[in-house]
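All remarks here apply to the structure that follows.
The values are calculated or read from the model by the stated rules, or taken from the named source; none is laboratory data. These figures come from a predicted structure and were not determined experimentally. Cβ atoms come from the backbone with ideal geometry, glycine included; neighbour counts cover every protein chain shown. Note: accessible area is taken over every heavy atom of the protein model, side chains too, but ligands, DNA and RNA are not part of it. Shrake-Rupley method; radii C 1.70, N 1.55, O 1.52, S 1.80 Å.
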Amino acid sequence: MAERGVEVSALPAEVREQLAELDLELSEGDITQKGYEKKRAKLLAPYIIQAQNRNLLAVYCFDANCLSFSFPFFLSLSLSLSLDIHTEAVQAALAKHKEEKMALPMPTKRRSTYVQSPIDNCTPPDSSSSSDDEGGVSGESGEQQQSPDSWMNSSIHGSSTSSSSASSTMSHGESRPPQAPQPQSQQQLPPQYPPPPHSHSQPSALPEWCACLCIYMCVCLSVSPPHLPGPGPGLGVPVSSRVSTKIQQLLNTLKRPKRPPLSEFFMDDQEEIVEVPRPDPNTPKPEGRQIIPVKGEPLGVVSNWPPALQAALTRWGATQGKSPALTALDITGKPLYTLTYGKLWSRSVKLAYTLLNKLGTKNEQILKPGDRVALVYPNSDPGMFWVAFYGCLLAEVIPVPIEVPLSRKDAGSSQIGFLLGSCGVSLALTSEICLKGLPKTPTGEILQFKGWPRLKWVITDSKYLTKPSKDWQPHIPTANTDTAYIEYKASKEGTVMGVAVSKVAMLTHCQALTQACNYCEGETLVNVLDFKKDMGLWHGVLTSVMNRIHTISVPYAVMKACPLSWVQRVHIHKARIALVKCRDLHWAMMAHREQRDISLASLRMLIVADGANPWSVSSCDAFLNVFQAHGLKPEVICPCATSPEAMTVAIRRFPGAPLPARAILSMTGLSHGVIRVNTEDKNSALTVQDVGHVMPGALMCIVKPDGPPMLCKTDEIGEIVVNSRAGGTMYYGLSGVTKNTFEVIPVNASGAPIGEIPFVRSGLLGFVGPGSLIFVVGKNEGLLTVSGRRHNADDLVATALAVEPVKTVYRGRIAVFSVTVFYDERIVIVAEQRPDASEEDSFQWMSRVLQAIDSIHQVGLYCLALVPANTLPKTPLGGIHISETKQLFLEGSLHPCNILMCPHTCVTNMPKPRQKQPVGVGPASIMVGNLVAGKRIAQAAGRDLGMIEDQDLVRKHQFLTEALQWRAQTDPDHVLYVLLNAKGVAVCTATCVQLHKRAEKIAAALMERSGINTGENVVLLYPPGIDLIAAFYGCLYAGCIPVTVRPPHPQNLSATLPTVRMIIDVSKAACILTTQVLMKILRSKEAAASVNIKTWPIIIDTDDLPRKRPPSIYKPPSAEMIAYLDFSVSTTGMLTGVKISHAAVSALCRSIKLQCELYSSRQIAICLDPYCGLGFVLWCLASVYSGHQSILIPPLELESSLSLWLSTLSQYRIRDTFCSYSVMELCTKGLGGQTEILKTRGLNLSCVRSCVVVAEERPRLALTQSFSKLFKDLGLSSRAVSTAFGSRVNLAICLQVVKQDQTGTTGPDPSTVFVDMKSLRHDRVRLVERGAPQSLPLMESGTILPGVRVIIVNPETRGPLGDSHLGEIWVNSPHTATGYYTIYGEESLQADHFNTKLSFGDPQTLWARTGYLGFIKRTELTDSSGDRHDALFVVGSLDETLELRGLRYHPIDIETSVCRAHRSIGESAVFTWTNLLVVVSELCGSEQDALDLVPLITNVVLEEHHLIVGVVVIVDPGVIPINSRGEKQRMHLRDSFLADQLDPIYVAYNM
């Protein structure tokens, strides 16, 4: 049969066989008609165009004796076929996704925040491909390219049609592994990812440096997994700039659960934290028999092999002195100099003599044989390195080659210092030029590099060396087990260790390489690798000298300028061997058009140093495809497998070797450590090539990488271990680590050792194929173990690079590593972003990478970050320093410009959500006496208010107005109030009579005005001061009800005036009393822009009232009548006003008087806002009742004079002071570092007996402790700081003061306990020891006031709880508020909060519900009466708690964790919205830190609270609203966020 002029019968037999196989496949339905025609056309093409081409197909099967089943390995079809298929597949995928919209909202970012690094600062076109693979994962485009076969099985078992490859899907039961379950309550999953932009089908249209990316690394992203439905009506919402719209979009994308739901019930007694996924019965398991160690061919004995490597140099230097040893190239790629064997020998001898005899005094030399010296030479100067290395060998000192340090901040610099320290290096050899280039101090000395020991630098240029005397000869012993040299090696964690190689190992390795590579004298070798380590050292410096080979060293700088330089050197010098990496193959391919008249026919070995990497297959194939026409023979390409510890493990060698083998493996099987041929999902396949046979004289086997070194089965992936004389002997100076790597005895399945000979762990993961061929699938360093499955970092890099990085990724620089978060490893991908990449392109690329990795590797990414170009730390040869990048990520110093967190999809081991049990009063709540369920009832009471002996006093003190009148008559000149300004000067004082007369003037003014009647509400709008106090008593004198309101801020009327207006409207005030200045503000044009100023009630300016007395002073008919209204905005954003009766005022004042021991002779200092709560009571009421003097310090004055409060305490010798948390925080942050200055000014706080923090929240223990420690040097007592606690229903429940009598202090100190946070989330209290994991310190909220009773109640059953049980705090006292003022028609709520009863126990007592959760614990301390002290611990507001996953969280706990996450986080606040946890953090540092905070915040909340953050918002300092008491207004913040009013720096939406 003829086709296009080709007679099939005339074709070679193997081509006819392949055509027959194709026909068989077509007849059996294994291939489509289209695929059949394509493959057939490819087979016949060479004969049609009369061009020879390579088209091999090999099928291997394991021996039936080795396995119980057949194990085929397939050789991939020709590259061009794969490319055609892939181009069509990608086009089909693009067409499918073309119409889809982006469903996930893009992050919101300020346009001015991130400025890309200018293109001028970018490195030349080499930086992408320069890595030496030391960091576990290289970040180079050249080395990361992967064949399409990695995902598309184009073997004979797969369809070659574009339609099938573009529409391949995964079914749940087949190739998709089971995922760990996800809680049902998390209705969240990754979105339908945005479509890929149109790919370029013509590689020529791409920039030259990345042409290979699109050609060789396309990945078929055609179809989402079937469980992700297509875009529906809820998707495709156009992304706007409004936060609220974006959150809605996010919610739309998170409504469909991705993972199987968890079981819903949480058992309270279950201690486990994480959900342990059940083992999946379908997980592939190894089925073969135990592997048998593989033995290499015997190492032959050749008569002319030298007894030591130095002897070979001696021989060639004497007999072949003019023979070239090394040719170095200049920056243009032209020969710079040639070092002959004679010169190498003579210079090495001179250096050896100088080292041993000329560095110290005649009697005491610095160096002696066996000492370690560092070799510091640049890659552009191989000649100086050769001389230094062999000079050290001849002097019998141990060379330690390291990279040239460029600056003090070099990536990994301190780790190199660790290496030098562990090796005991104190001397460094370098060249004169290199020494001049080292960074120096201003005095000209070499800079002391971070972590380095002190070094003496020695220049090894010939002019500085001493010629030895004629009778001096270097001592050259026969190779022994002494260390010859130390090669550095970086671990996965970044630690740099020195692998010691003995003299006999060095020689044996050279002999094994000589035998394996069949080296001959006089051959020419082109070396592109780093000559200081690994293959570049072993072949290009050591073995070449042993065999008198001429080495041409092509430095890295030359490759940057001319990527084809090494090919030109092969052509010019007719080199027989070339030593390269995949990156060099790529660069040569890209540049080969520049020069066509080159020939590679002279090459007999093209050794690919990183050929063990799975993604090297495509590089080798593509290079062969291009250069076969230039004489390159297919069998020349020789990939090899090496490691610093085991040295060369295997190398493919010709002639005589079998055809190269390829295996197309299932990625799913690989992730479980099992070898399975991929026959179903072409996208999820990995093609690997063999790396030849074991080295001569070596014994190799495969052991499990974790745990004991147990032998693997034949179909199992494991770590390659080698026994050979040609390998490393130890990690120098690290004996503990050495044993686990260099002295491994493999054991069989029963745990018995297989022998006594030790093996060395190579760090390579692989398996033994048919014919004892070695296959490597990855490295231990790049292993990421997620949920028990293993993934290779290099594979993930290749997948990410395959997703059209042309528009986004800068020169293919991508790093992959894992971080441990919440009991599992999480995968992080960091890439450098092109300077010209748009936000949308970058975000789209990140979204598609997520989809690709999820589809191909079946693993979720935790974080994907893009950083500006050239900002990732680099290895010496320009690759990405992985461990340093990881460290920067964990420290929050990476400074990404785009970030995408995906915790919802990848965190699958969350704790089980709790399902609350039905509420009801069960048998466990039975009450017997004062016991509930076997425990004492959690109740406590302050001491008795007692009876007042003097009945006149009762009458006078029944109403505060009467008390003031009485004091004005009996002690008119006694000073009640002193008001200080910012300078600490008393600007105003008020005696009893002055206050009385001012109140009378105001009362007269109110009574004169028509329309103001007795019992009407009057708003008092004053700055903190005595005017406010006078106006309050003036209202009482006139029979009006005062309502104190904070005045609007003149500079922020738009934000503060509406609140004033709201209180005025809600309270239905008939009049406003204020100052002249504030009256003008209320009627100003600026005010008119915010509120309607025409509808203000009557405004009375009280500054210049006439001296008039009211006709009479009003006396209420009953003490139960309302005295004043207390308005406050709660932390949940609700404005509430409570009614305080005259009886409550008197009871409260009396209670405070007794608790604080207040008398006329006492002075107290108050630094509180005087508008509501206990602050108002202390500011306006307490002094009039008790007669003590109050020194008033407006908190606003502290902004201009931080030390005002503390200076006042010292100046007036104050014993008791009251402040807020905001005042304490201001002093702690502002004065913490100035204690010495304050001390020199004479500030002394030893007089302070009690410093009480007034708040309606849980005591801030960390702040109070910091305050006490900071000002301890100023004499502040450690037990002085305490707290008070009040609520809306009862303004003062607890108040702690330190009391003294003749014997010293009395009464218990505030006690502190540590509770388990996990228990708190379940509404339980479990006390733990200090320092216990998940422990939370809680401080007692103060001593319960006299007359107050407190009980802890279950808020749902309303039954009393036992001691140390968490419940709602209920209070009963004579000073409880009468009820809410602002709620109309809500009698039920009124009764529920103020007049409620227990469901059992004591059903008669009326209680008020505080709305706060807490518990009572009876302590071992005793109070002044000798009884055991009952401590009340406030945990948090019930209204503020967050209900997530069936658990109760307190915002302050999450916020405390967030604030610890990074030094740049100032303040933070959390809230929820439709089951999403939103974290808002204020950024105190530079705006470039903003995106660093996103992963750190997500990490810390997940680790400490087991919650996934939905949205992270980074804002400017001061954005989080805080009220006058220092409490965060979280609901205001929430409303502002949803209304897009925050002007955030960055908003990240976690997926």
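Of the conditions (1) touching a helix residue (DSSP H, G or I) at 6+ places or on another chain (Cβ under 8 Å); (2) assigned to a helix (DSSP H, G or I), Met1062 satisfies every one except a single condition; which number is it?
With respect to (1) touching a helix residue (DSSP H, G or I) at 6+ places or on another chain (Cβ under 8 Å); (2) assigned to a helix (DSSP H, G or I), Met1062 is out only on (1).
Filter the stretch 1093-1117 down to the residues that are in contact (Cβ under 8 Å) with a residue 12 or more places away in the chain, open to solvent by 40 Å² or more (accessible area, probe 1.4 Å) and not charged (D, E, K, R), then identify the one that is nearest to Ala1004 (Cα to Cα).
Selected residue: Pro1111.
Looking at (1) within 17 Å of Gly766 (Cβ to Cβ); (2) hydrophobic (A, V, I, L, M, F, W, C); (3) in a loop (DSSP other than H, G, I, E, B), can you tell me which one Val617 breaks?
In the conditions (1) within 17 Å of Gly766 (Cβ to Cβ); (2) hydrophobic (A, V, I, L, M, F, W, C); (3) in a loop (DSSP other than H, G, I, E, B), Val617 misses (3) alone.
Which of the residues spanning the stretch 1456-1468 are more than 16 Å from the chain's Cα centre (by Cα) and either modelled with pLDDT of 95 or more or polar (S, T, N, Q) (or both)?
Residues satisfying the conditions are Thr1456, Ser1468.
Restricting to the stretch 347-372, what's the tally of residues that are surrounded by fewer than 18 Cβ atoms within 10 Å (Cβ to Cβ) and part of a helix (DSSP H, G or I)?
The number of residues fulfilling the criteria is 1.
Pick out the one residue from Leu1020, Leu995, Leu976 that is open to solvent by less than 10 Å² (accessible area, probe 1.4 Å), in a helix (DSSP H, G or I) and hydrophobic (A, V, I, L, M, F, W, C).
After applying the criteria, what remains is Leu995.
Are any residues in the stretch 1484-1499 of a type in the set (Asp, Glu) and under 14 Å from Glu891 (Cβ atoms), and if so, which ones?
Result: Asp1489, Asp1492.
If I go through the stretch 724-760 residue by residue, how many of them are of a type in the set (S, T, N, Q), over 25 Å from Ala512 (Cα atoms), in contact with a strand residue (DSSP E or B) (Cβ under 8 Å, 6 or more places away or on another chain) and not in a loop (DSSP other than H, G, I, E, B)?
1
If you check Leu1036, Leu1053, which single one turns out to be under 20 Å from Phe1176 (Cα atoms) and aliphatic (A, V, I, L, M)?
Checking each option against the conditions leaves just Leu1036.
Taking the stretch 681-725, which residues are open to solvent by 10 Å² or more (accessible area, probe 1.4 Å) and touching an Asp or Glu at 6+ places or on another chain (Cβ under 6 Å)?
Matches in the stretch 681-725: Pro705 only.
Just a yes or no: is a residue in the stretch 303-310 within 30 Å of Gly788 (Cβ to Cβ) and open to solvent by 70 Å² or more (accessible area, probe 1.4 Å)?
Looking for residues that are within 30 Å of Gly788 (Cβ to Cβ) and open to solvent by 70 Å² or more (accessible area, probe 1.4 Å), one finds none in the stretch 303-310, hence no.
Could you please find all residues in the stretch 744-759 being open to solvent by less than 20 Å² (accessible area, probe 1.4 Å) and under 23 Å from Met506 (Cβ atoms)?
Answer for the stretch 744-759, where residues must be open to solvent by less than 20 Å² (accessible area, probe 1.4 Å) and under 23 Å from Met506 (Cβ atoms): Val744, Phe759.
Taking Thr908 as the residue in question, decide whether it is out of contact with any helix residue (DSSP H, G or I) (no Cβ under 6 Å at 6 or more places or on another chain) and part of a loop (DSSP other than H, G, I, E, B).
yes
Let's see how each residue does on (1) surrounded by fewer than 22 Cβ atoms within 10 Å (Cβ to Cβ); (2) free of Cβ contacts under 8 Å to residues at least 60 places away in the same chain; (3) part of a loop (DSSP other than H, G, I, E, B); (4) not β-branched (Val, Ile, Thr):
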residue	(1), (2), (3), (4)
Gly391	no, no, no, yes
Pro401	no, no, no, yes
Val404	yes, no, yes, no
Ser407	yes, yes, yes, yes
Leu420	no, yes, no, yes
Thr443	yes, yes, yes, no
Gln448	yes, yes, yes, yes
Arg454	yes, yes, yes, yes
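How many of the residues making up the stretch 663-717 are not acidic (Asp, Glu) and not in a loop (DSSP other than H, G, I, E, B)?
Final tally of qualifying residues: 29.
Any idea how many residues of the stretch 787-805 are surrounded by 22 or more Cβ atoms within 10 Å (Cβ to Cβ) and in a strand (DSSP E or B)?
2
Scan the stretch 1119-1145 for residues that are modelled with pLDDT of 90 or more and surrounded by fewer than 17 Cβ atoms within 10 Å (Cβ to Cβ) and jot them down.
Selection gives Ala1119, Glu1120, Met1121.
Give me the strands (runs of 3 or more DSSP E) completely within the stretch 806-870, filtered to those with at least 1 residues that are without any contact (Cβ under 8 Å) to a residue 12 or more places away in the chain and either open to solvent by 10 Å² or more (accessible area, probe 1.4 Å) or among the acidic types (Asp, Glu) (or both), ordered by residue number.
809-820
Looking only at the stretch 728-743, which residues are out of contact with any Ser or Thr (no Cβ under 7 Å at 6 or more places or on another chain), open to solvent by less than 40 Å² (accessible area, probe 1.4 Å) and farther than 29 Å from Ile827 by Cβ?
Selection gives Gly728, Thr738.
Condition test on Lys436, is it open to solvent by 30 Å² or more (accessible area, probe 1.4 Å), outside any loop (DSSP other than H, G, I, E, B), within 27 Å of Lys409 (Cα to Cα) and at pLDDT 90 or above?
Spelling it out, Lys436 is indeed open to solvent by 30 Å² or more (accessible area, probe 1.4 Å), outside any loop (DSSP other than H, G, I, E, B), within 27 Å of Lys409 (Cα to Cα) and at pLDDT 90 or above.
Looking only at the stretch 1517-1544, filter to residues that are of a type in the set (A, V, I, L, M) and in contact (Cβ under 8 Å) with a residue 60 or more places away in the chain; which one of those is surrounded by the most Cβ atoms within 10 Å (Cβ to Cβ)?
Selected residue: Leu1533.
Read through the list (1) in contact with a Phe, Trp or Tyr (Cβ under 7 Å, 6 or more places away or on another chain); (2) not in a loop (DSSP other than H, G, I, E, B); (3) not basic (Lys, Arg), then give the number of the only condition that Ala1144 fails.
(1)
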